[in-house]
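Contents: one structure, followed by commentary.
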Amino acid sequence: MPLKRICLILAIAGAGTLSAQQVVAPTPDQVGPPRGENTGDYNITQSFETGYRFSQVFGDIGEYRSDVNYGNGIRLLGSSLSIDSKDGHGHLFDQILLTTIGLGNDPYQSVNLRIQKNGLYQYSMTWRLDDYFNPGLTIAGGTHLMDTVRRMQDHDFTLLPQSKVRFHFGYSRNTDDGPALSTAQEFNTSGEGLAVFTNVKQQYNEYRIGADGDFAGFHFNLMHRWEYFKDDSPYTSDGAVTATGVNDQTVLQQFTRSSPLHGRSPAWLGNLFTRRKWWGVNARATYVDGVGDFAINELASGIGQFGSPATRQIAVGGDAERPDFIGDFNLSLFPTGRLTISNNTSVMSQRMSGDSVYTEVDNGSNLGTTLNFRYLGVRTVVNSTDVDYRLKKWIGFYAGYHYSDRLVRTIEGAGEQAVAGSFGANTYNVIDIVQAGTAGVRIVPIQGLTINLEGEIDRANHPLATISPAHYQTLGGRVAYRVKRLQLSTGYKEVYNANPQFGFLLTSAHSRNYTANASWAPKDWFTLDASYSRQHLDSLSFLAFFSSTVGSQLVTGSSLYVSNIHSGNLGARFGIGRRADVYVGYSIVKDTGDGRAAAVPADVTNPTTELLDSVQTFPLTYQSPLARFSIKISPKVRWNVGWQFYDYSEMFHILGYNQNFHANTGYTSALWSF
């Protein structure tokens, strides 16, 4: 058994678990077996975990709010309610399930509700809230910031859920609102952005109606959907905003911008599926008719760069259409129990077209009106054939060939409306053909041990952009072993894209991903989970820019980025008797970069080289240990207390700005179930 023994050693050597670390609250432990209380024809069980969450933050508050954002106060950390008909024949409903997380000022909250009546209807609702805070990139100098709240809800109603034909109705809503800070350049020709405020008001609504059913061995699904999106975020200045550049006298005294954007996207979606003994068919089609209207009215006044009064007014308006069609047809053949052949053909058509009118008035002079037109069309046809053959019970092979033909057509047009016959248009066509081959093998040398090895090679004759995949290949493998209360697995995947050089342009990217995970439960009162992963990425691309350090001449070079992210998780649960549980955990994420000790080597003195070197890698460490203790006070009450520490540390600080922080967070709560 030399092959089996080698495979077993490989599986154990790469053990770990890739599951993420638990959050400290709410408490996953239950009070006991839920029995509930009988009320009429129903049985009711429910639980509430209510407590107080606290936090203590040192360092950069903005970075903490962007990463964690937990504050102080009383919370409904979690709750659940279940009402079930005892005989499955309730009066108005047979089941109600309600669960909540984080209600009462937690930055991440959710509610899930499901109500159903057997044979008649089923209703489900999901509501989520995300308190989003982004202090802006350091390179923006504090002039970009967002503090918004996103609320999302989904409603789905099914009529006759157990019948052969079912009818579906749905509604979804997504809103984002709150204050934000942005920049506008206006008449400041030095390139510095001047801070302006905006009140974010974005809203998305979707309505849907459809049906699905079964007929003559076929399953069909048809749905019509209406989507509406609007962004009515106004921009204003708060008093005078002064430029900070040397010898720059620019002052933005008044600024207003109204830029409403409204769009709608009615769509049809259909699916037909069947599976027979020797063959199967799956056909899908989607058509979306997107339409959007936009307008911008901007007014700015103040003092120009050299101290003279300045005004600027811009008006932009237009519309756009974006019809999209996607169709898939898949045919699968099963000539024997060991052989599967699948062929899939996909057709995609995406188009964008519309007019835009731009008018600008600067210091009382009308600079004219420009009409811009743009058309972008992408037509793609993809055909793929995959074969899966199980040679023996313990070994199988699979392979495939994929072919893609994509046509990209762009029409650019512009003209001055005041000048008759000035409109002109240019058309560009690009055809890109991609051919790919895949192959893999599955081995089960002994019971519980599975090995997967796979690879893929892609070649494109005309990639659209220099960073588009051209010479692309992947290699990967996974080994998993499971026996009784022990689970081990490890994996590796490599992605390499080396585009050929186009003149002086050269782009390449290489990534490697290693994973190892383990889960062990030797006793009912003790479990252990561990995981490790490493993600390596390096990319190289061409740069061309004008640099003032060499007399504003064109400088060519390369953009290099290197990242080495190591992630580890460790968690252990201990049961103390039959009443108490202890959980301890630790997670760490560390980017070691390329190993350099400083962002810029000491021997580099050229300002341009210093800037490029300083953004090639960003080593940092983010770690979080936690501990939780939970004890059952009575058959219906459990008391919980927990602590979690967050530490974020950057080795290099962009432009000298330190975003490091560390914070202690924790909670105490009571869980009551009845």
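The values are calculated or read from the model by the stated rules, or taken from the named source; none is laboratory data. In this text, all values refer to a predicted model and were calculated from it rather than measured experimentally. Neighbour counts run over all protein chains shown; Cβ positions are idealised from the backbone, glycine included.
Quick one: Ser624 ticks every box in (1) surrounded by fewer than 17 Cβ atoms within 10 Å (Cβ to Cβ); (2) polar (S, T, N, Q); (3) part of a strand (DSSP E or B) except a single one, so which number is it?
(1)
Select from the range 600-630 the residues that are of a type in the set (A, V, I, L, M, F, W, C) and at pLDDT below 95 and list them in ascending order.
Val600, Ala602, Val604, Leu611, Leu612, Val615, Phe618, Leu620
Tell me the residue from Phe373, Phe334 that is at pLDDT below 85 and among the aromatic types (Phe, Trp, Tyr), please. Steps first, please.
Numbers: Phe334 fails: at pLDDT below 85.
Among Phe373, Phe334, only Phe373 is at pLDDT below 85 and among the aromatic types (Phe, Trp, Tyr).
Name the residues in the range 584-617 that are under 30 Å from Tyr532 (Cβ atoms), in a loop (DSSP other than H, G, I, E, B) and small (Gly, Ala, Ser), would you?
Listed by number, the residues that qualify are Gly593, Gly595, Ala597, Ala598, Ala599.
From Thr410, Thr385, which residue is among the hydroxyl-bearing types (Ser, Thr, Tyr) and either more than 33 Å from the chain's Cα centre (by Cα) or modelled with pLDDT of 95 or more (or both)?
Values: Thr410 fails: either more than 33 Å from the chain's Cα centre (by Cα) or modelled with pLDDT of 95 or more (or both).
Sole residue among the options that is among the hydroxyl-bearing types (Ser, Thr, Tyr) and either more than 33 Å from the chain's Cα centre (by Cα) or modelled with pLDDT of 95 or more (or both): Thr385.
Which residue, of Ser301, Ser353, Ser332, is in a strand (DSSP E or B), of a type in the set (Gly, Ala, Ser) and either in contact with a helix residue (DSSP H, G or I) (Cβ under 9 Å, 6 or more places away or on another chain) or within 25 Å of Asn221 (Cβ to Cβ) (or both)?
Ser332
Looking only at residues that are touching a strand residue (DSSP E or B) at 6+ places or on another chain (Cβ under 9 Å) and of a type in the set (Phe, Trp, Tyr) in the range 289-325, which one is nearest to Val251 (Cα to Cα)?
In this case the residue turns out to be Phe294.
Which one is surrounded by the most Cβ atoms within 10 Å (Cβ to Cβ), of the residues in the range 247-277 that are among the hydrophobic types (A, V, I, L, M, F, W, C) and either in contact with a Leu (Cβ under 7 Å, 6 or more places away or on another chain) or within 30 Å of His168 (Cα to Cα) (or both)? Quick ask: steps written out before the conclusion?
We begin by selecting, within the range 247-277, every residue among the hydrophobic types (A, V, I, L, M, F, W, C); these are 251-252, 255, 261, 267-269, 272-273.
Next, from what is left, pick out any that are either in contact with a Leu (Cβ under 7 Å, 6 or more places away or on another chain) or within 30 Å of His168 (Cα to Cα) (or both): 252, 267-269, 272-273.
Values: Leu252: 24, Ala267: 17, Trp268: 15, Leu269: 17, Leu272: 15, Phe273: 15.
Looking at residues that are among the hydrophobic types (A, V, I, L, M, F, W, C) and either in contact with a Leu (Cβ under 7 Å, 6 or more places away or on another chain) or within 30 Å of His168 (Cα to Cα) (or both), I get Leu252.
Collect the residues in the range 607-623 that are within 13 Å of Met651 (Cβ to Cβ) and of a type in the set (A, V, I, L, M, F, W, C), keeping them in residue-number order.
Answer for the range 607-623, where residues must be within 13 Å of Met651 (Cβ to Cβ) and of a type in the set (A, V, I, L, M, F, W, C): Phe618, Leu620.
On the basis of being in contact with a Lys or Arg (Cβ under 6 Å, 6 or more places away or on another chain), of a type in the set (Asp, Glu) and either more than 30 Å from Leu371 (Cβ to Cβ) or outside any strand (DSSP E or B) (or both), does Asp405 make the cut?
no
Among Tyr492, Tyr496, Tyr481, which is the only one that is of a type in the set (Ser, Thr, Tyr), in a strand (DSSP E or B), closer than 24 Å to Phe397 by Cα and in contact (Cβ under 8 Å) with a residue 40 or more places away in the chain?
Just one listed residue meets the conditions, Tyr481.
Pull up the range 422-438, narrow it to residues that are of a type in the set (Gly, Ala, Ser) and surrounded by fewer than 14 Cβ atoms within 10 Å (Cβ to Cβ), then point me to the one that is farthest from the chain's Cα centre (by Cα).
Ser422
Look at the range 388-415 and say how many of its residues are among the hydrophobic types (A, V, I, L, M, F, W, C) and touching a Phe, Trp or Tyr at 6+ places or on another chain (Cβ under 9 Å).
Qualifying residue count for the region: 6.
Picking from Ala267, Ala285, Ala320, which residue would you name as being of a type in the set (A, V, I, L, M), under 27 Å from the mean Cα position of the chain (by Cα) and modelled with pLDDT under 90?
The unique qualifying residue is Ala320.
Enumerate the pairs (first residue in the range 600-612 and over 17 Å from Phe542 (Cα atoms); second residue anywhere and hydroxyl-bearing (Ser, Thr, Tyr)) with beta-carbon separation below 8 Å, excluding pairs fewer than 6 apart on the same chain, so at least 6 apart or on different chains.
Correct list of pairs: Val600/Ser614; Asn606/Thr549; Pro607/Thr549.
Yes/no per residue for (1) loosely packed, with under 15 Cβ neighbours inside 10 Å; (2) closer than 23 Å to Gly642 by Cβ; (3) modelled with pLDDT of 95 or more; (4) touching a helix residue (DSSP H, G or I) at 6+ places or on another chain (Cβ under 8 Å):
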{"residue": "Ile61", "(1), (2), (3), (4)": "yes, yes, no, no"}
{"residue": "Asp84", "(1), (2), (3), (4)": "no, no, no, no"}
{"residue": "Gly90", "(1), (2), (3), (4)": "no, no, no, no"}
{"residue": "Leu98", "(1), (2), (3), (4)": "no, no, yes, no"}
{"residue": "Gly104", "(1), (2), (3), (4)": "yes, yes, no, no"}
{"residue": "Pro107", "(1), (2), (3), (4)": "no, yes, no, no"}
{"residue": "Asn112", "(1), (2), (3), (4)": "no, no, yes, no"}
{"residue": "Gln122", "(1), (2), (3), (4)": "no, no, yes, no"}
{"residue": "Ala140", "(1), (2), (3), (4)": "no, no, no, no"}
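Can you pull out the residues in the range 288-315 that are more than 28 Å from the chain's Cα centre (by Cα) and either closer than 20 Å to Ile326 by Cα or β-branched (Val, Ile, Thr) (or both)?
Across the range 288-315, the qualifying residues are Ile296, Ile303, Thr311, Ile314.
Return the total of residues in the range 109-133 being touching a residue at least 24 places away in the same chain (Cβ under 8 Å), touching a Lys or Arg at 6+ places or on another chain (Cβ under 9 Å) and of a type in the set (S, T, N, Q).
Result for the range 109-133: 2.
Of the residues that sit in the range 166-225 and are in contact with a Lys or Arg (Cβ under 6 Å, 6 or more places away or on another chain) and not in a strand (DSSP E or B), which one is nearest to Ser237 (Cα to Cα)?
Glu186
Of all residues in the range 642-674, count the ones that are of a type in the set (Val, Ile, Thr) and surrounded by fewer than 17 Cβ atoms within 10 Å (Cβ to Cβ).
First, pick out the residues of the range 642-674 that are of a type in the set (Val, Ile, Thr): 654, 665, 668.
The next check asks that each one be surrounded by fewer than 17 Cβ atoms within 10 Å (Cβ to Cβ); those that pass are 654, 668.
Within the range 642-674, residues that are of a type in the set (Val, Ile, Thr) and surrounded by fewer than 17 Cβ atoms within 10 Å (Cβ to Cβ) number 2.
Could you list all residues from the range 226-246 that are within 14 Å of Val200 (Cα to Cα) and part of a loop (DSSP other than H, G, I, E, B)?
Listed by number, the residues that qualify are Asp232, Ser233, Pro234.
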